[in-house]
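Accompanying notes for the structure given below.
The values are calculated or read from the model by the stated rules, or taken from the named source; none is laboratory data. As the structure is a prediction and not an experimental result, all values here were calculated from the model. Methodologically, a virtual Cβ is constructed for each residue, glycine included, from the backbone with ideal geometry; neighbour enumeration extends over all protein chains shown.
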Amino acid sequence: MGTGVLTAEAPPFPRRGGVLHCGAHSLEGLAEQHKTPLYVYNGNRIVERLHTLEETFADRRGDVPGSTFISAATTRTSTPSPFQHPSPDPLVAYSVKANPNLAILRLLARAGAGADIVSGGELYRALRAGIPAHRIVFAGVGKSRDEMRYAIEAGIMSFHVESAQELEVLGALAAEMGAVAPVAVRVNPDVRSPTHEFTRTGHATAKFGVSPREAHDMYRRVAAHPALRAVGVDVHIGSQIRDPAPFLRALDVVLAVADRARRELGVELGYVDLGGGFGISDGAGDALDVHALGRQVATRLRGRGLTLIIEPGRFLVGDAGVLITQVLYVKKSDKKTFVVTDAGMTELIRPSHYGGVHSVTPVRENGQDPVELVDIVGPVCEQGDFLARDRPLPLPRPGALLCVHQAGAYGFTMASNYNSRPRPAEVLVHGDHVTLARRRERFDDLIRGEPHA
């Protein structure tokens, strides 16, 4: 197990001798070796965060100590219950979309994590990384028949079904394959979370999930369908949520759904999935108090016979990653000072797309540069291409390195080749080892899929 939440006294990228480091390696040295822009991930931080959640959400007075998960995907002729016993420990199903790099997935697989996926491609990555299929849950409003078939054949833990039509397609496909598909209905609890409008997913006008009333009807259909089996209930209300209250309101809603399914339909569910979205500390605010949330969740689940699943993404990898970028120019106009860097919205789109606020600091501090209010902008031909606006920063010189913090989640995974820009390299530092997790793209990579290249 880990050592608990890392404190401000033990940051994932400490400064030594004025220079930021990842473990024993200076970010200057990594940038010199691998060039910029460059993503650097702290593997130790990722594993410690995983163990923090395992410890925080574990119910040490659980219903059946020592019990384990049972694979949910079965053939029609087999009869085991997908959850013969609830587990007092949660399944931490890493949200692959946050950062799907195989090196990170393998690190998490070795540490015992499961996976929350939203596509066939993410399933492929998770399996290639060694995450067992029976520890993988499949969410998303638009699963195709091919993706469903792939997941049934792989034997995943559960489909988090988000509409009655999806349930109908899944049931028909499972019957055609002679399989029984494990199902959890994703409930939309109509809870508005205090986060960006694009990342609020639990309110009634969001495209995700179904109402509690419709969820009950879907469990009725599952109970009557020979190729479907109800194994859990699911909810996910958004991202970067810093207050426990919305999570608890959502949990109360889905527990009421589970209670009604048991009472009126005789459906005994094996797990409740609380989703993810646990906020981390960044330039916009403080982190969610996961310990306070964990205590309240444990109180609500105790004695119910339900295993807990959580789906963190950013909480595991967000502040474990940084983007290193080199200053190209410092441009002063009558009203603005622009620090032009070799990274922009093609490398990190969160500031432009989500209004994400990332801390930005010099990789090397000398304590002599005057602090000015600047816009840190990239080279992309868009006015919306920026990493930070109106940010106080020791005014750097061309060639200096800047570090964009909290970039491990929704950074490279949302990177693009817009303006025909090759995507950057990724490096994972774990212990004393530095692994090139992805090589920097070259110009020929830009046209590799074009038949007439």
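If you check VAL327 against the conditions, is it assigned to a strand (DSSP E or B) and not aromatic (Phe, Trp, Tyr)?
yes
Pairs please, first residue from segment 303-324 and on the phi > 0 side of the Ramachandran plot, second anywhere and outside any strand (DSSP E or B), Cβ atoms under 8 Å, 6+ apart in sequence or on different chains.
If the second residue must be outside any strand (DSSP E or B), the pairs left are GLY303/ASP63; GLY305/ASP63; GLY305/PRO86; GLY305/GLU268.
If a residue must be surrounded by 22 or more Cβ atoms within 10 Å (Cβ to Cβ) and in a loop (DSSP other than H, G, I, E, B), how many such residues does segment 277-303 contain?
3
Within 29 Å of THR56 (Cβ to Cβ) and not in a loop (DSSP other than H, G, I, E, B): which single residue out of TYR94, TYR124 fits that description?
Exactly one residue qualifies, and that residue is TYR94.
Which numbered condition trips up ALA103, out of (1) modelled with pLDDT of 95 or more; (2) surrounded by 21 or more Cβ atoms within 10 Å (Cβ to Cβ); (3) out of contact with any Lys or Arg (no Cβ under 7 Å at 6 or more places or on another chain)?
Against the list (1) modelled with pLDDT of 95 or more; (2) surrounded by 21 or more Cβ atoms within 10 Å (Cβ to Cβ); (3) out of contact with any Lys or Arg (no Cβ under 7 Å at 6 or more places or on another chain), ALA103 comes up short only on (2).
Among residues belonging to segment 337-357 that are in contact with a strand residue (DSSP E or B) (Cβ under 8 Å, 6 or more places away or on another chain), in a loop (DSSP other than H, G, I, E, B) and modelled with pLDDT of 95 or more, point out the one that is surrounded by the most Cβ atoms within 10 Å (Cβ to Cβ).
Once the filter is applied, the top-ranked residue is ALA343.
Give me the residue from segment 12-63 that is polar (S, T, N, Q) and part of a helix (DSSP H, G or I) and, out of that set, nearest to ALA400 (Cα to Cα).
GLN33
Criterion first (in the same structural domain as THR435 (by TED's automatic domain parsing), over 22 Å from ALA409 (Cβ atoms), buried (at least 21 other Cβ atoms within 10 Å of the Cβ) and without any contact (Cβ under 8 Å) to a residue 60 or more places away in the chain) does VAL374 satisfy it?
yes
Which one of these is out of contact with any Pro (no Cβ under 8 Å at 6 or more places or on another chain) and either without any contact (Cβ under 8 Å) to a residue 24 or more places away in the chain or closer than 24 Å to ASN99 by Cα (or both): LEU436, LEU401, LEU387, LEU446?
Unique residue meeting the criteria: LEU436.
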